[in-house]
Every structure is written in structure tokens, then in C-alpha cells.
Amino acid sequence: MSSPYPHGHESESERTLTILYATETGNAQDIADRIARECRRIHVSARVHNMATYSPKELIEEHLVLFVISTTGSGKEPRGMVPLWAMLLRSDLPEDFFEDLEFAVFGLGDTAYEKFCWPAKLLSRRLTSLGAKEICSRGEGDEQHPLGLDGAFYPWVKQLIDVLLELHPLPAAVEVMTPDSLPPPRVSIEDADPAALEDSEDPLENDPLYYSATLSCNQRITAEDWHQDVRHFEFDLVEDVHYNPGDIAIIHPEAAAADVEAFLVSIGYANVADEPIAIRHSLSDLSLPDHLPRTTTLRTLFTRYVDINAVPRRSFFAMLQYFTSDGLEREKLEEFISLEGADELYDYCYRPRRTIREVLEEFRSARIPREYIFDIFPPLRPRQFSIASSSKRHPHQVQLCVAIVQYRTRLKIPRRGVCTAYLAGLRPGYKLRIGVAKGLLSLPPDGKTPVVCIGPGTGIAPMRAVIEERTEAGYSENTLYFGCRSATKDQHYQTQWEELASRDALTYRVACSRDGPEGAPRTYVQDLMREDAQRLWELIGERGAWVYISGSSNKMPTGVKAAIRDAARDHGKMSESEAAEFVGTLEREGRLYEECWS
């Protein structure tokens, strides 16, 4: 960005800041890009970085940083934030370590969960304790707000811009750009030589996290007449890849060819969809999808890199209005992005889960220049799945346990998850690249230490990896609490668990919540744990067992921890406060690991 300042005024280097985002689903990245756009309006240049690829050591060199932090599970920091957070928690850091750092934090969360925006709150407190100065009050976006995250984001970013202008006033000759003007595109796109397309390599080929894989098994493990389709996948790897329990497989999905073709026709790109194009990143302060090739086609972009099946955010409608020529359609878009139109936008878009593809089929006058593709459409993100196997037991192989997402919207339109539909459609022999990333789970240093695994539904995936790793090494002090609805319909890996139990390598407890008499109370994993309270206390309180929880972050994680707390109170002879502190200590010491999702 060229400097608008004449000689003698504040230098361009002083009108820069860094935006660090930590995300799981992409919302934090979207917010980070929108902050960067707002900064450009006041002639402040932003450098946007994903915490997952940002070196924590660089933070000491920064002078002004904006943090955008999402919340995962029941209050955990995103995986990409872990290295930076570990550095900040070092006990040897002096109280004035960040005395030259100014910062602001925007957290993304959901008040339906116990610890709302918890990582953002902890980060703000920790930076302040290390001498950094918070320049404006922390923003806390709430998914439950009628405007979603925007309900808190818009007033917060206005406050932030006012503070930045106060800290770094504009010279008299320079004006703030109006917010309703069309921003420049983040890329330029030119026609390319067909030979360049033929020579173009898949960027995943050069990423050391990714490995060549061939699908060898795609098997449904729920009953054919059961409402939920859960699959067991096996991918054979060319390389000898060692991974640990809790590690993550990364899959880059592709949109269905029929969906892409219909979309290209509706948006007017069909005739040029297969012509080679070259992409150049014009605005480095705004992000692009990971592993984007320099030479590609529009069809490939909409198949692999941008998401036409996402439910659009409010920012999508704000940008779409610039490219809509019909007066009535423009009025409707203006209404959607107004504060007064929040309820109507919710009823039109979020309640029925209307997709971008479906929206553009209704706003027929929209003509989106190809340079603005990455400003209109969100990136098609890779999905992360807990690996459901041990590399010790299954060398050269990664196994997954995946629930195929399919449901009907309020408009009775069938929906399928983009990545799970992609996986479900693969046939043995299909070749792809799979990423393997380190997880946060660790096993006890002494294998003789007991472990207690709680993994209802597809939460069984990392628990299976833990149990296979330990039994393969000859350790038998393993307890598994598994939850399902029906013993005969969705008891994942039942034969394996019963075989291990028959040779005393596993204590297997299963709660089948829908198998009891109609009207009877349902039994869940936390109920079985209460039944086993004395044994649970002997394992955790007296023998130092490690506890692993994985599954949906509804009432289950809270119920499981309450069962442990009750066992400490009733059989460890603790008071309520002491029992609660006991569970907190387990978490702080890393003896209680939780991987849950909404």
C-alpha cells in the first residue's frame, strides 16, 4: 500500500498493525479480514496472520496487535492458538515483557455454552499481566445474538477505529474513506496460457504435512435402517507416517460436480469455467484460501477453494449489493444488512439454512466480476477429523470414524455436509492427499497408569486411538464409557471392545439411551459413571488415572465432570468446594483432556 503521507508526517511503518486470528471454522478469519478492510479506510496497513502459522517469537517485535480468537468446545482455545498460548504462559516471563505492546481483542463465542469467549478473556488478562496495554475494551461476539457475531462486532470495530484515529491522527490532507464505497479486490485475475495450467502442480504436493493416500475401506458401521449414517474409513499411506493418539487428519473436500455446474450456469460463468486463469494476490492485508494454485480455472476454484454451499454471512450480502443491478434486489440487500432488517435476514437465510448457491439463484441480476470471487465467497475449508486408529497397530494407515451430515431444513430441503458427502462418495482405490497434524492429547508417561475414556457417538474416534495404542503396547488398565442410542444399531466398534474386554484388556461400559422401556429415564455415560462412583474414585483419586472426554459439547462434558466431582465428594470424603477444585486440578495438570465440539 503506497503511503499517503508527505515527508515529515508519521511514517508508513508506524501506521501498520498486525492482526492474529485463531479459528476452527473460519469465522475468526472472516472477522480478521473485515477488520483489515476497516483499517484500510483510515490508511492503516494491516498484516493478517493465522496463529497456526505465526511464530510466537515474533510477538515480542510487534508494537500493535489485534487478536481475533474463537472458542472451541466448552471454552477451549483453537488448536492453532496453542503454541502462542504456551509461550505466554511461561512462568519465567517478566511482568514488563510486553511493555511496548498495545493490543485489542475480539472474541467469538456462544452464550449457550458454559465458558463464553473464555480464550479471549484469558488472553486479554495474560497480556495485561505482562505489561501490554489494551487500547479498547474487549469485544465478545455471541452466536445467540439476533445479528449473530455482527451484533457485537459492528460497535466494537467502530470503537477500535475511533481509538486508532486518536492514537494516530490523520494529517489534514488525508481523509477517511467512506464505508459505502466498493473496496478494491484482494486479487487480480488474468487469462493464462493453457500450457501454464498443464504444468501447474497441486500445492498440497509441496506441503510436508500432507501425504499420498489411497482409500481402501469405506464401510457403513450403523445399521442400514438406522437414521444416522456413520462410516469407517481406511486410507493406506505410501509413506511410513507415525502419528499419536489425538492427532488430526485433514481432508480437503470438493463440492459435487453437479452443484458446481448448476452454479456456474446460474452466475453466468459456464462458458468460461474451464479457461485457464492466473491469480495474483493484490492486497496482502487480506487472506486467501490455503494451498491456492497460481494457475487454475473458475471450475476448479468453485470445486475446491471457495464454498458455494455455505450459509452466507451478513458480510456476503453487504458485498453482493455492489454487483446487483435490479432495483428491488438492491433494496432487499440493503434491508438485510441494516440493523432493522436483522429479523428478516434471519428468517430468510439462517433459519432455513439457505446456501450461497440458492441465494444467487434468487438474486438473478447479480454479476460478480471474477476479481471479487475471494471477496464474495468464503474459502472452502479443509475439515479436521480425529484419527481413530493407532499407527503402532495400523502402520501405513489412517482410519477415521465419520458421521455423514444429512438433514432437512425448515423448508424441507435436503442438505448434506460438503466434506462428509465428499467422503461418503469415495470408492476404494481413490487417491488423495491427507494432512496429519499434531493433536493436544498426551498419554501418561508411565503406561501402567490407568486411563478412563469417555467417547459417545463419533467421540469414540480418539478414544479408539488411545485404547489401540495402549493395548498394542501391552497395557490393560483401560476403561471405556461409550454412549449410543441402540445396542444393535449404532454401537460403534462393538466387536472390538467386547474382544478386548474378554481378555481383560478393557473394562467396557456402554449406555444405550433409547433401548429402555418407553417413558423410562434414559441412561447416558455420566449415569454409568455415577453408578461406578467408587471404582471411578479408586482409579482417578487413588491410582492417578488420566481421563479423556470426547464428543458433542452439549450436556455430556459437564455431566461427566460432575460425576467425577461427585465421586470425589462421596468416596474421597471431600467437601463440594474441594471436589470441584479436584476436578480443576485434573484439568490444569493435563490429567483430564477434553475434545468436544458443537
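The values are calculated or read from the model by the stated rules, or taken from the named source; none is laboratory data. This structure is a prediction, so every number in the text was calculated from the model and none was measured. When we count neighbours, we look across all protein chains shown, and the Cβ atoms used for this are built from the backbone with ideal geometry, even at glycine.
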Fill in: Inter-residue pairs, beta-carbon under 6 Å, first not assigned by TED's automatic domain parsing to the domain that holds residue 312 and surrounded by fewer than 22 Cβ atoms within 10 Å (Cβ to Cβ) and in region 24-39, second β-branched (Val, Ile, Thr) and outside any loop (DSSP other than H, G, I, E, B), 6+ apart
24/72; 38/157; 38/161
Item to complete: Check whether at least one residue in region 502-510 is part of a helix (DSSP H, G or I), out of contact with any Ser or Thr (no Cβ under 7 Å at 6 or more places or on another chain) and farther than 15 Å from residue 453 by Cβ, and report yes or no.
Response: yes
Worksheet entry | Lone qualifier among 544, 590 - being of a type outside the set (D, E, K, R), modelled with pLDDT of 95 or more, assigned to a loop (DSSP other than H, G, I, E, B) and within 30 Å of residue 86 (Cβ to Cβ) | 544
Worksheet entry | Where a residue in region 533-546 is in the same structural domain as residue 592 (by TED's automatic domain parsing) and its partner, wherever it lies, is crowded, with 18+ Cβ neighbours inside 10 Å and part of a strand (DSSP E or B), with Cβ under 7 Å and at least six apart | 539/452; 539/479; 540/452; 540/547; 545/451; 545/452; 546/451
Response to the item:
Only unsatisfied item for residue 405, checking (1) assigned by TED's automatic domain parsing to the domain that holds residue 527; (2) out of contact with any Leu (no Cβ under 7 Å at 6 or more places or on another chain); (3) surrounded by 15 or more Cβ atoms within 10 Å (Cβ to Cβ), is (1)
Worksheet item: Yes or no: residue 286 under 15 Å from residue 189 (Cα atoms) and either at pLDDT 95 or above or touching an Asp or Glu at 6+ places or on another chain (Cβ under 7 Å) (or both)?
Response: no
Response to the item:
residue 46 passes all but one of the listed conditions (1) touching a Cys at 6+ places or on another chain (Cβ under 7 Å); (2) modelled with pLDDT under 90; the exception is number (2)
Worksheet item: Of all the helices (runs of 4 or more DSSP H) wholly in region 300-366, which have at least 1 residues that are basic (Lys, Arg) and out of contact with any Pro (no Cβ under 6 Å at 6 or more places or on another chain)?
Response: 314-320, 327-337, 356-362
Worksheet item: Does at least one position in region 560-575 carry a residue that is farther than 12 Å from residue 481 by Cβ, buried (at least 16 other Cβ atoms within 10 Å of the Cβ), in the same structural domain as residue 463 (by TED's automatic domain parsing) and touching a residue at least 40 places away in the same chain (Cβ under 8 Å)?
Response: no
Fill in: Residues of region 124-174 satisfying the condition of being touching a strand residue (DSSP E or B) at 6+ places or on another chain (Cβ under 7 Å), farther than 18 Å from residue 28 by Cα and among the charged types (D, E, K, R)
133, 134
Worksheet item: From the list 183, 194, which residue is under 30 Å from residue 161 (Cβ atoms) and either among the β-branched types (Val, Ile, Thr) or not assigned by TED's automatic domain parsing to the domain that holds residue 309 (or both)?
Response: 183
Worksheet, complete the sentence: Exactly one of 255, 278 is within 20 Å of residue 403 (Cβ to Cβ), surrounded by 14 or more Cβ atoms within 10 Å (Cβ to Cβ) and either modelled with pLDDT of 95 or more or touching a His at 6+ places or on another chain (Cβ under 8 Å) (or both), and that one is 255
Worksheet, complete the sentence: Among residues of region 465-493 being assigned to a helix (DSSP H, G or I) and either out of contact with any Gly (no Cβ under 8 Å at 6 or more places or on another chain) or modelled with pLDDT under 95 (or both), the residue nearest to residue 219 (Cα to Cα) is 468
